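Coordinate-derived values only; no laboratory data. Just so we're clear, the structure is a prediction, and the values are computed from it rather than from any experiment. Neighbour counts are summed over all protein chains in view; Cβ atoms, including those assigned to glycine, are modelled from backbone coordinates with ideal geometry.
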Amino acid sequence: MTDTIYAPATAAGRAAVAVVRVSGPWTRAAVRALAGAVPPPRRASLKTLRNADGEAIDQALVLFFAGPESYTGEDAAEFHVHGGTAVVGAVIEALRTLDLRLAEPGEFTRRAFEHGKLDLAQAEGVADLIDAETEAQRRQALEQLGGRLSDVQARWTEALLEALAMLEAAVDFPDEEVPQDVAARARPVLEHLVAELEIAAADAERGERIREGYRIALIGAPNAGKSTLLNALAGRDAAIVTATPGTTRDIIEVPMVLAGYKALMADTAGLRETGDEIEAEGVRRARAWAAAADLRLWLVDGSSGETGAVPMELRPGDLCLITKRDLPVGPAGAWAAGQAKRLSLAVAEVTAKGPGDLDWIRGVLEERIVEALEGAEPPAATRLRHQELLTEAADRLRHALAQDEHLELAAEDVRLAARALDRITGRIDPEQVLGRIFSTFCIGK
């Protein structure tokens, strides 16, 4: 890695201040070329930036960070300029003429990883912190950036090395003066680790939900009030509402914040048998989204004279909302209440036109989200990648515990488990995996 990179570190568009970052072996030369001199490390200095023709670009605060005491671990600099697009463009053009290279997405953080400033789990924490939209996401990302998962992984690896040492001692020195039960001493260590890894892998689903959002599906027959409820909870007209059945044909996802957590609420096509090919595809997608959701709200028009069918996607604990309670009651309301009791669903009569009803629905949703996602502390593992590696390590250790008569094979399983855990922090991750992870970053990070 010998080239020097640059990129804007702030969002595009008009702003009071913009930051352009540089990192690499030619950073000093780049600062000298634009600012005339390199300021003392970590001291903001007011400089006039000039292009190759000597024309003034802007007055800027210039900071220089000498490697390895920098974010990337190499010489780095920041130009804090006025945030107009013309100013930023001129600074970028001046750096381009110095034969520096525009950074790829996430390349600054990747260099920090490759110089040992961050491990891979912490780098993912940086990405999550940038993307955080809610307090829960911010707290979780900050914990990961601070090394929570890395510290736990290091403790697990240390325990694996202890168990591996016992197994290899029994294999390599069978006739030496080592305790006869040395291999047996590894069993409780491995059994405890399997239990911890299983708990962490299960908790990773909670971390993934905090990152991606708790999924809530609105399902029911056409004209049950799904789109009306979605618009009321979202506070805007996210979905078209008409009296014509089948108006909603595709899934409309609306992100919202409930109890400090990100939620995705989806208005879906009305569930019914139809000969319309487009509407039938909408119904199929609605069922698939609802089946994968964390919570389903089954809406039934309480004023309707038709009972319809019970959605097969419902699960115990889902919510049945008998809507339009402000209208005369029809047979569908009593039928839905009976079906809800049979399926162990919570049930309530509501109207989207009543502020008190909306507050009650919102409160119920917040209770469900807090119950599902809140814990004593943020989960250590937060991504599907983490969950898969934790599961792989646990599987290897279970296999090792089954190798009572073949200690060599047990030791190899323990080594493979340690390797799976090491891939969480990126110590032995293949190049293509690193590329995929860092490609999700913004350019200047």
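Observations
- Calculated on the Cα set of segment 385-428, radius of gyration then Dmax: 10.7, 33 Å.
- The listed peptides 108-121, 300-313, ordered by packing as a protection proxy, come out as 108-121, 300-313 (highest mean of other Cβ atoms within 10 Å first).
- The percentage of C-alpha pairs in segment 328-407 whose separation is greater than 19 Å is 68%.
- Around the amide H of T323, modelled in the peptide plane, lie the amide H atoms of V300, D301, G302, V350, all under 5 Å away and 5 or more residues distant in sequence or on another chain.
- Neighbour counts of C-beta atoms inside 10 Å place E371, E198 in the sequence E371, E198, starting with the fewest.
- Summed over qualifying helices (DSSP H, 4 residues or more, each -39500 (n - 2.57)) and divided by its residue number, the chain shows a 222 nm mean residue ellipticity of -15000 deg cm²/dmol.
- Neighbour-count order for K341, K262, K47, fewest beta carbons within 10 angstrom listed first: K341, K47, K262
- Neighbour counts of other Cβ atoms within 10 Å put I278, I251, I424 in the fewest-to-most order I278, I251, I424.
- Based on the convex hull around the alpha carbon atoms, segment 213-351 presents an average projected area of 7.8 nm².
- Hull volume in cubic angstrom per residue (convex hull over the Cα atoms of segment 5-119): 91 Å³
- Note on A86/R138: beta-carbon distance plugged into 1/(1 + (r/R0)^6) with R0 of 25 Å gives a FRET efficiency of 0.15.
- Sorting the segments 77-85, 319-327 by their mean number of nearby beta carbons within 10 angstrom, highest to lowest, gives 319-327, 77-85.
- Here's the list of lysines a cross-link from K341 could span, going by alpha-carbon distance under 28 Å and ignoring same-chain residues fewer than 8 apart: K226, K324, K353.
- Whichever lysines have a C-alpha closer than 27 Å to that of K47, once near sequence neighbours (fewer than 8 apart) are set aside: K445
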